[in-house]
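What follows is one structure encoded as structure tokens, with my remarks underneath.
Throughout, read-outs are computed from the coordinates displayed, never taken from laboratory work. Only a predicted model underlies this, so the values are computations on that prediction, with no experimental measurement involved. Every residue, glycine as well, gets a Cβ built from its backbone with ideal geometry; the counts of neighbours run over all protein chains shown.
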Amino acid sequence: MIYFDNAATTCPKPPQVAEAISAALDSFGGVGRGVHGASLAAGMGVYEARSAVADLFNAPSASRVAFTSNITEALNIAISGLLGAGQHAVTTAASHNSVLRPLYRAQADGAELDIAPIRADGSLDTDAFEALLRPDTRLVVLTHASNLTGDIYDVATLTALAHERGALVVLDTAQTAGFMAIDQAALGIDVLTFTGHKSLFGPQGTGGLCVAEGVEIPPFKVGGTGVHSFDKEQPAFMPERLEAGTLNGHGIAGLAAGITFIQDTGIEAIAEHDRDLADRFREGIADLDGLRILGGGSAAGQTPIVAIDVDDVDAGLISDRLNTEWEICTRAGAHCAPLMHEALGTADQGAVRFSFSYFNTADEIDVAIDAMTRIVGELRS
């Protein structure tokens with residue numbers, strides 16, 4: 001199997017991730033649910049993971065990191081907690097449904113929503129974005145990079161524009177965390193959301209949000225925390241206010257191991273390797289008649305994603321051939337990014353997305369180039 005679906009979830013993971021999960025399964029009790037050795041080991045493991053996340057993103061402190069099941073839950077927590085009826089929000093057409101659907105729900109409940117357009121080359125119309133901001137804008141939700149084209153957006157500039165209007169900024173780092181350095185403090189991000197199972201090399205079922213000092217998000221769900229058990233309300237302090245129920249300590253241990261792998265390897269070394277593979281693939285297929293490489297217009301660059309359209313042929317047919325004839329795993333369809341597909345003109349046929357990771361090789365890229373050359377040649381004959 002040649003796995004080029006890393007934008008969905010990275011596979012394989014560094015071996016130490018499985019080792020950390022296995023060790024946790026055999027030693028962790030409930031996080032914050034006792035004073036015996038197994039519970040204390042779980043608590044220490046989760047604390048170390050919080051510290052690793054805070055260090056990776058330069059978040060305010062470990063206590064401002066709350067863990068969730070994935071970035072979808074983190075975005076729901078942030079958006080539902082910070083945007084109410086009668087308040088105004090802005091996002092961009094690069095947003096994934098994990099951003100769009102919580103915003104649409106808020107809109108249905110009385111919030112106002114504007115969406116800045118994406119150009120046909122995948123770049124954001126920054127002037128249009130700025131024009132949508134109002135003095136009363138409450139929330140801006142930014143996608144750091146498109147999960148369809150890999151286009152990276154200038155969140156430093158966009159955040160500064162939002163803060164000039166007094167708006168809070170939530171950043172979706174699903175496609176960038178682990179691939180590029182992200183400094184929450186330097187960027188001025190109010191809430192940074194992340195997922196564990198993509199470029200952070202953690203397991204599925206892990207994610208979270210880093211909340212800046214002074215930003216208070218009400219609990220999204222309530223329940224046991226292991227502390228203040230006689231109170232009728234969820235504890236008001238972080239991170240317990242956002243972490244009702246027993247945490248996925250085993251998965252969080254794996255996430256911490258993935259972050260350690262990134263820090264030991266070097267995030268720039270990982271990014272250089274991934275970019276080289278994406279560039280090799282783009283160059284290898286660029287001259288194929290009828291094939292269109294989507295996006296690439298953002299000045300801030302791209303993540304290691306290459307999305308293609310071939311003569312408006314249904315993307316699922318191409319992806320299926322890649323899998324059945326070459327055992328190449330890609331993702332075809334709408335990628336939960338409907339507005340991006342509308343902007344790129346691929347809403348009907350979808351796109352085939354190749355996404356690369358640190359454990360892919362140049363030889364695998366060459367197999368994919370050969371496969372696409374043959375498929376396109378047959379489609380055009």
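Some observations on this one:
- Here is what passes the span test in the chain: the DSSP H helices with alpha carbon length of 20 Å or more along the helix axis and a Kyte-Doolittle mean of -1.0 or above are 37-57, 249-265, 267-285, 362-380.
- With the charge dipole of the chain set up from +1 on Lys and Arg Cβ and -1 on Asp and Glu Cβ about the Cα centre, the Cα lying farthest toward the positive end among the listed residues Ala186, Gly110, Thr373 is that of Gly110.
- Selection from Phe237, Gln263, Thr149 lying farthest towards where the dipole of the chain points positive, charges on Cβ: Phe237
- Counting all C-alpha pairs of the range 35-86, share separated by more than 19 Å (%): 45 percent
- If the chain linking Asp312 and Ala334 were pulled fully straight, counting 0.36 nm for each residue of separation and taking away their Cα-Cα distance, it would gain 6.6 nm.
- Farthest positive-ward along the chain dipole, Cα basis, beta-carbon charges - from Gly223, Leu344, Ser357: Gly223
- Charge context of Leu133, other residues only, Cβ under 9 angstrom, K/R +1, D/E -1: -1
- Prolate/oblate/rounded label for the range 54-198 (Cα gyration tensor, a/c 1.5): rounded
- Principal axis dimensions, the chain - Cα atoms, whole angstrom, descending: 73, 52, 32
- Applying a DSSP loop filter and a limit of 14 other Cβ atoms within 10 Å to the trypsin sites (Lys or Arg not before Pro) in the range 129-233 leaves Lys221, Lys232.
- Within the chain, the longest segment free of exposed loop sites, counting chymotrypsin sites (Phe, Trp or Tyr not before Pro) that fall outside DSSP classes H, G, I, E and B and have at most 16 other Cβ atoms within 10 Å, spans 1-229.
- The chain - share of DSSP beta bridges that are antiparallel (%, nearest 5): 50 percent
- The Kirkwood hydrodynamic radius of the range 251-320, based on inverse pair distances between different Cα atoms, is 14.7 Å.
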